[in-house]
Amino acid sequence: MLRQAVIRRYRELTRLAQDPVLLAGLLVIGVFLLVFVLWPLGRVIAQGFFNADGQFSLAQFRRYVDPASTHYYRQIFVDTLHMGLLSAACGTALGFLFAYSYVACATPGKHLVHLLALLPTISPPFAIAIAAILLFGRNGLVTRRLLANGLGVDVYRLGFDLFGMTGLVFVQTITYFSVAYLILRGMLERLDPTLDEAAHNLGASQWHSFRTVTLPLLIPGLAGSFLLLFVESLADLGNPLFIAGNTTVLSAQIFSAINGEYDQQKGAALSLVLLLPTLTVFLLQRYWVSRRSYVAVTGKPAGHTLPVPVWYMRWPCILATYAAMFLIFVLYMTIVVGSLTRVWGVDYTPDWRHYVTAVRRGIEAIMDTTFLSAVATPLAGVAGMVIAYLVVRKAFSGKEALDFTSNLGGAVPGTVLGIGYILAFIKAPLLVVGVVYLLLVGYLAAAGAARLWKQLALVTLGSVLGHVLLVGSQGYWGDGETYVVVWAFLLMIMSLLGTAGARPQARWHVPLLLGGMGGYLFVCSQMANLTVPLAAW
């Protein structure tokens, strides 16, 4: 059996070699996922079981069963799940409300609905938390100035408290519901309206057809939205630090373990604990959606939208959407007005001093943030496009594993990946570098020459070129060595593209092969100096 399996895999690899575009794409994407998803996650899982001396230890996990600490740690875990589930459910419901009102309800001012629904996607996650504190905090404009001083009603004495689970779920819902809105809006626009018309012709009411036709077809979008909002809520760090109050969640506990206690094992162990619910929800979502088939459009497109629901369905959706729009507008206007106020809650005199301070002291942070966003966006877009093309359009063994691993990056909280990058790239990952180097060298050498001695010659010359780049950067470029690394990396990509479309007999791409292997060797040698930009990308 083993021998037959090995022979079958070898034949599959042989067939892959006959499609150079597929082979090059799988090689690049496989390396990308190995280095930036699987390896960091593996390091997080491994580090949670080893202490600072490298000895196997379960001390961090025993705290969940130790009577002295079990209540505290279990309460944090329960609060984290509670916050994630409530935020995901409320955010998905709000996203569906906006999407349904936009697509099906003929809402007046629907373009304004779309604009306000997208505002949270272009603002920092903690912006809503700041606005909520300015409005509903203990010295907020609504709670103190309007209710307490104006009407004599102190809501904080009546039991309301923004700083806790209630405020955290509210902020997370407003912050991330845009993701659900975009997913569900796209699905609603692609639904075939003839299905609802057929149900109506058979005597079903619009409410009955909505429950039995529209909602079941939206299950993949609802499940995907719930998963993304659940993961984003659990991974978010800014909002819990701002507004959680006495409620502690795992992301904040991990941050304290790394930056406060300087305990990498505790941070890794807590990251593993945080990984368990997200992966569980991810696997349940994939299993639930894959059990059934969801087909909304077949044959020729219908060319028209869903029928407008009856008044008792339409107007409650429109009015609820308008109320949510008003709340979102007030929250963002609070940020604008608060930035122009001298001291919020005390002196509301317009003042520009905060912007002057931000430009003088924060210009470097603004430029770094812009640079990272500008670099990460096209890289993520290209990687996602290539993965989608390979999974949908190509047939090869391991397609399901590629699909699962690529989605794993979105299902894992960013906090866990951040800890993984610290553990994986604090030193050059020689094992991963060696595996990737052998894969790329084997591919480039096989594409550049047919005979073994020529392939060995290419590998030797490429390695020599890599050392020349390394020595040259250290001797002549100094602080500009990062630019040489980027140039070498681009040269490696050019070599992959050149060999994917060239015949092995072509001579013009041999310099690209040499530069590619040499450039990759140079990148590997500089891996320890590139951990910050690589992790950010």
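The values are calculated or read from the model by the stated rules, or taken from the named source; none is laboratory data. All figures in this text were calculated on a predicted structure; none of them were measured in a lab. As a convention, Cβ positions derive from the backbone with ideal geometry for all residues, glycine included, and neighbour counts pool all protein chains shown. Remember, those area values only see protein heavy atoms, side chains included, never the ligands or the DNA or RNA. Shrake-Rupley method; radii C 1.70, N 1.55, O 1.52, S 1.80 Å.
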- Item | Contacts under 9 angstrom Cβ, first residue in the range 117-146 being within 15 Å of residue 240 (Cα to Cα) and touching a residue at least 40 places away in the same chain (Cβ under 8 Å), partner of a type in the set (D, E, K, R) and not in a helix (DSSP H, G or I), 6 or more apart | 125/236; 126/236
- Query: Can you name the residue in the range 235-266 that is under 19 Å from residue 131 (Cβ atoms) and of a type outside the set (A, V, I, L, M, F, W, C) and is also surrounded by the most Cβ atoms within 10 Å (Cβ to Cβ) among such residues?
  - Reply: 239
- Message: With the requirement that a residue be of a type in the set (A, V, I, L, M) and not in a helix (DSSP H, G or I), what does the range 129-165 give you?
- Response: 153, 155, 158, 162
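Conditions tested, residue by residue: (1) open to solvent by less than 90 Å² (accessible area, probe 1.4 Å); (2) of a type in the set (Asp, Glu).
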| position | (1), (2) |
| --- | --- |
| 322 | yes, no |
| 325 | yes, no |
| 329 | no, no |
| 347 | yes, yes |
| 354 | yes, no |
| 393 | no, no |
- Task: Kindly state which helices (runs of 4 or more DSSP H) lie completely within the range 58-119 and contain at least 1 residues that are of a type in the set (Ser, Thr, Tyr), open to solvent by less than 20 Å² (accessible area, probe 1.4 Å) and under 23 Å from residue 285 (Cβ atoms).
- Result: 70-103
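This table checks each residue for (1) modelled with pLDDT under 80; (2) farther than 30 Å from residue 256 by Cβ.
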| position | (1), (2) |
| --- | --- |
| 354 | no, no |
| 358 | no, no |
| 376 | no, no |
| 389 | no, yes |
| 398 | yes, yes |
| 413 | yes, no |
| 423 | no, no |
| 426 | yes, no |
| 430 | yes, yes |
- Query: For the range 191-234, how many residues are hydroxyl-bearing (Ser, Thr, Tyr), in a helix (DSSP H, G or I) and surrounded by fewer than 17 Cβ atoms within 10 Å (Cβ to Cβ)?
  - Reply: 2
- If you go through the range 382-404, how many residues are part of a helix (DSSP H, G or I) and either more than 18 Å from residue 34 (Cα to Cα) or not small (Gly, Ala, Ser) (or both)? 14
- Message: If the requirement is being buried (at least 20 other Cβ atoms within 10 Å of the Cβ), modelled with pLDDT under 90, in contact with a Ser or Thr (Cβ under 9 Å, 6 or more places away or on another chain) and assigned to a helix (DSSP H, G or I), which of these qualifies: 188, 168?
- Response: 188
- Message: I'm checking my understanding of the structure. Among residues of the range 289-328 that are within 21 Å of residue 211 (Cβ to Cβ), in contact with a Phe, Trp or Tyr (Cβ under 9 Å, 6 or more places away or on another chain) and in a helix (DSSP H, G or I), which one is modelled with the highest pLDDT?
- Response: 321
- Scan 31, 44, 21, 37 and give me the residue that is open to solvent by 40 Å² or more (accessible area, probe 1.4 Å) and either at pLDDT 80 or above or within 29 Å of the chain's Cα centre (by Cα) (or both). 21
- Any chance the range 256-276 includes a residue that's part of a loop (DSSP other than H, G, I, E, B) and within 18 Å of the chain's Cα centre (by Cα)? no
